[in-house]
Amino acid sequence: MQFYLDSANPLEIKTACDWGVIDGVTTNLTLLAKAGPDMKAALDAVLDASPGPVFCQVVGWKEVDPLVAQARWLGAYSNRIIVKIPMGVAGITAVRILKSKNARIPLAVTAISTVAQAFLAAKAGADIAALFNGPLDLEQDDTVRIVPAVREIFDRSKLPTKILSAARFPRGFGEYAADGSDIITIRMEFMKMLFEHSFTDKRMQGFLSDWRQVHQDRTWPAGKPKAAKLK
């Protein structure tokens, strides 16, 4: 399973890279708009900071031709860009047209909110079905568990489309990963939560308290140790 940061902030991306946990970056129109008025410079900054592929969304929703034209431009702009096409009749039509002309252009259908939409994206030839399960979790009382059904349909129908889940909070991350997501993307504020748990804090505080009662602030020596003598 691959792990992506959902961000258009180069500083956030660099921090996640320093942690050594991300494979690439996902963006959307909101994130790139917040990055500033120079859209090309914002995309370049993300590409420079990302350790791998970058998801970039076309602008628009209802008209096929603009979606196709933008997708072709983005695909030619960098071989690291995965083009995001919005879910809908125009989007699915655009995916079919793009794949019929150039099957190598990587396409993800975004804003998928149901199992049926995921199936339509896969049938059209999308490489990735980007589920909005995490955002939906924030909008509904019940937990959104669509990954298992999508995984079963894709596997049974031998559809090669990968499943991307947009996680919110550690619980969702664990469920989406266990249910069979191929990619999980998460915003920085939620990624930080994955490293944290109150029981982890409690145990570490206990370990260090016990150590300091005997050894105070002493630690193991730094540098290359001398070979231990065998008795």
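Data for the structure
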{"quantity": "Cβ-Cβ under 6 Å pairs, at least 6 apart or on other chains, the range 20-41 side under 18 Å from I186 (Cβ atoms), far side open to solvent by 60 Å² or more (accessible area, probe 1.4 Å) and not in a loop (DSSP other than H, G, I, E, B)", "calculated": "D23/Q2"}
{"quantity": "Sole residue being of a type in the set (D, E, K, R), in contact (Cβ under 8 Å) with a residue 24 or more places away in the chain and open to solvent by 10 Å² or more (accessible area, probe 1.4 Å), chosen from D44, D48", "calculated": "D48"}
{"quantity": "Inter-residue pairs, beta-carbon under 7 Å, first farther than 13 Å from V109 by Cβ and basic (K, R) and in the range 150-161, second at pLDDT 95 or above and buried (at least 16 other Cβ atoms within 10 Å of the Cβ), 6+ apart", "calculated": "R151/I163; R151/D179; R151/G180"}
{"quantity": "Count of the range 146-179 residues which are at pLDDT 95 or above, in contact with a Phe, Trp or Tyr (Cβ under 9 Å, 6 or more places away or on another chain) and assigned to a loop (DSSP other than H, G, I, E, B)", "calculated": "4"}
{"quantity": "The listed residue being under 30 Å from C17 (Cα atoms), buried (at least 17 other Cβ atoms within 10 Å of the Cβ) and of a type in the set (D, E, K, R), out of R187, R151", "calculated": "R187"}
{"quantity": "Number of positions in the range 14-57 that are among the aliphatic types (A, V, I, L, M) and within 13 Å of the chain's Cα centre (by Cα)", "calculated": "5"}
{"quantity": "Conditions (1) part of a loop (DSSP other than H, G, I, E, B); (2) out of contact with any strand residue (DSSP E or B) (no Cβ under 7 Å at 6 or more places or on another chain); (3) buried (at least 16 other Cβ atoms within 10 Å of the Cβ); (4) not hydroxyl-bearing (S, T, Y): number failed by A126", "calculated": "(2)"}
{"quantity": "P170 vs. criteria out of contact with any Ser or Thr (no Cβ under 6 Å at 6 or more places or on another chain) and within 30 Å of A45 (Cβ to Cβ)", "calculated": "yes"}
{"quantity": "Residue match in the range 193-212 (condition: in a loop (DSSP other than H, G, I, E, B), under 27 Å from V144 (Cβ atoms) and either among the basic types (K, R) or touching a residue at least 60 places away in the same chain (Cβ under 8 Å) (or both))", "calculated": "no"}
{"quantity": "Residue identified as assigned to a helix (DSSP H, G or I), over 15 Å from the mean Cα position of the chain (by Cα) and surrounded by 20 or more Cβ atoms within 10 Å (Cβ to Cβ) among L11, L67", "calculated": "L67"}
{"quantity": "Matching entry among R72, R104 (being closer than 23 Å to T161 by Cβ, in a helix (DSSP H, G or I) and either of a type in the set (D, E) or open to solvent by 20 Å² or more (accessible area, probe 1.4 Å) (or both))", "calculated": "R72"}
{"quantity": "Count - residues of the range 9-34 that are among the aliphatic types (A, V, I, L, M) and farther than 22 Å from A130 by Cα", "calculated": "1"}
{"quantity": "Of all residues making up the range 180-191, the number that are of a type outside the set (A, V, I, L, M), more than 8 Å from the chain's Cα centre (by Cα) and outside any loop (DSSP other than H, G, I, E, B)", "calculated": "2"}
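Every residue, every condition in (1) in a helix (DSSP H, G or I); (2) modelled with pLDDT of 95 or more; (3) over 18 Å from P106 (Cα atoms), yes or no:
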| position | (1), (2), (3) |
| --- | --- |
| C17 | yes, yes, yes |
| V25 | no, yes, no |
| P37 | no, yes, yes |
| K40 | yes, yes, yes |
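The values are calculated or read from the model by the stated rules, or taken from the named source; none is laboratory data. Keep in mind that this is a model prediction, so the values were computed, not measured. Don't worry about glycine lacking a Cβ; one is built from the backbone with ideal geometry, like all the others, and counts go over all protein chains shown. When the accessible area is computed, the model is the full protein with side chains, heavy atoms only, and any ligands, DNA or RNA have been set aside. Shrake-Rupley method; radii C 1.70, N 1.55, O 1.52, S 1.80 Å.
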